[in-house]
Amino acid sequence: MDYLWTPWRYRYVSSKTDESSPESREHCVFCRILASEASDRDALIVHRAEHNFVILNRYPYTSGHMLVVPFDHVASLAEAPCTATEEMMRLTRQLERVLRSLYAPDGINIGMNIGRAGGAGVAGHVHMHALPRWIADSNFATVIGETRVLPEALAVTWERVRAEIERASV
Ligand SMILES: [Zn+2]
């Protein structure tokens with residue numbers, strides 16, 4: 001059997017504006033979140049570092065699916081300053097630990113989709129995915145129905161991840 005592995009081809013938001021203007025800052029969901037008055041809880045931001053923030057994916061592939069996002073609106077790693085990409089990798093490394101501790105996964109996916117054709121849901125603003133995986137977590141509903149079965153509500157994930165990040169001093 002052939003597998004087409006596309007876990008992140010799920011849009012972060014579903015508004016038409018984002019689809020039509022993937023590169024623009026004013027239509028970027030991450031920049032809009034940063035500019036909004038919403039609390040970190042409502043925005044699903046679990047951590048703010050110096051150059052990046054960590055946010056729960058609103059449409060997660062699995063429970064605990066997080067994104068590390070630079071504060072700067074840059075479309076690729078090459079455009080981001082080294083200080084930001086170095087911090088991004090350090091945060092990702094720490095999230096690996098957080099995911100292991102909270103979810104005891106069988107494996108972890110860490111990676112980036114750069115550009116629309118690369119599978120990026122927010123194509124104009126580069127971001128790193130980190131998500132826990134379990135053997136056989138891609139079930140019938142996911143494959144056939146394109147429906148994720150997520151056992152944990154986002155508000156609960158936010159509480160757990162934030163507490164663990166604080167505990168681990170990320
Ligand atoms: Zn942006």
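The values are calculated or read from the model by the stated rules, or taken from the named source; none is laboratory data. Computed from a prediction, not measured in an experiment: that's the story for all the values here. As a convention, Cβ positions derive from the backbone with ideal geometry for all residues, glycine included, and neighbour counts pool all protein chains shown.
Couple of notes before you dig in:
- So residue 14, is it touching a Gly at 6+ places or on another chain (Cβ under 8 Å) and either at pLDDT 95 or above or not in a helix (DSSP H, G or I) (or both): no
- Qualifying position, being in contact with a strand residue (DSSP E or B) (Cβ under 8 Å, 6 or more places away or on another chain) and not aliphatic (A, V, I, L, M), among 87, 79: 87
- Residue match in segment 43-51 (condition: surrounded by fewer than 20 Cβ atoms within 10 Å (Cβ to Cβ), more than 16 Å from the ligand (Cβ to nearest atom) and not β-branched (Val, Ile, Thr)): yes
- For beta carbons closer than 7 Å, sequence separation of 6+ or different chains, a first residue in segment 18-44 that is closer than 21 Å to residue 129 by Cβ and modelled with pLDDT under 80 and a second that is more than 9 Å from the ligand (Cβ to nearest atom) and of a type in the set (D, E, K, R), the qualifying pairs are 22/116.
- Of all residues in segment 27-42 being surrounded by 12 or more Cβ atoms within 10 Å (Cβ to Cβ) and part of a loop (DSSP other than H, G, I, E, B), the one that is nearest to the ligand (Cβ to nearest atom): 28
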